[in-house]
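Undergrad: Take a look at the following structure, please.
Bear in mind that the values in this text are calculations on the coordinates, not laboratory data. Since this is a predicted model, take the numbers as computed values, not measurements. Reconstructed Cβ throughout: ideal geometry from the backbone, glycine too, with neighbour counts over all protein chains shown.
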Amino acid sequence: MRKILIVLPALLIASPAFAQEAEPQVPPELTDPATVHKLAGTLQILSQAVLNMKVGGLEAALEGRDATPQERNLTVRDLARRKDPDFDRHLQQKVGQAGPKIEQQMLAMQRALPEMMRNLHDVQKSLERAAANIPDPTYPRR
């Protein structure tokens, strides 16, 4: 009997601690600097792929004519060079600057994510409460 008197209050005191949910965790990928380097490398590869895309035939088709052999080989890079002869150098500079910007954005996301997750959890709980109060359509009407 004495054991119950000691254990029961201890269980009642500890129960709120068990009821609290764990703090949302930021995925480790969002905090890893290697992810930033991978993203920057991927950005470089994607930009090169887009720049090498041939669009001359599309331009001719939009004008309602067949593309010339020279136009068939026209790429996005060629079109960009028409406006900026130093396009490749400028693009490389911008892509090089993307790494630090991506890292800053990931750090900002890392700081904001726990609060966003808590807010989403609160929204989920509110929706669950609202759904629990929806009348059952199969319940007989009076």
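Undergrad: What's the extension gain from residue 38 to residue 90 if we count 0.36 nm per residue and subtract their Cα-Cα distance?
TA: 16.6 nm
Undergrad: In terms of modelled amide H atoms, which long-range or inter-chain residues lie less than 5 Å from the amide H of residue 55?
TA: Placed amide hydrogens put 74, 75, 76 under 5 Å from residue 55.
Undergrad: Compute the relative contact order of the stretch 28-124 as a whole-number percentage, counting only Cα pairs closer than 8 Å that sit 6 or more residues apart in sequence.
TA: Over the stretch 28-124, the number comes to 35 percent.
Undergrad: About the Cα centre of the stretch 28-124, what is the dipole size in debye to 20, counting +1 per Lys and Arg Cβ and -1 per Asp and Glu Cβ, all else neutral?
TA: 200 debye
Undergrad: What does the charge count near residue 71 come to, summing +1 for each Lys or Arg and -1 for each Asp or Glu among other residues with Cβ under 13 Å from its Cβ?
TA: Neighbour charge sum, excluding residue 71 itself: -1.
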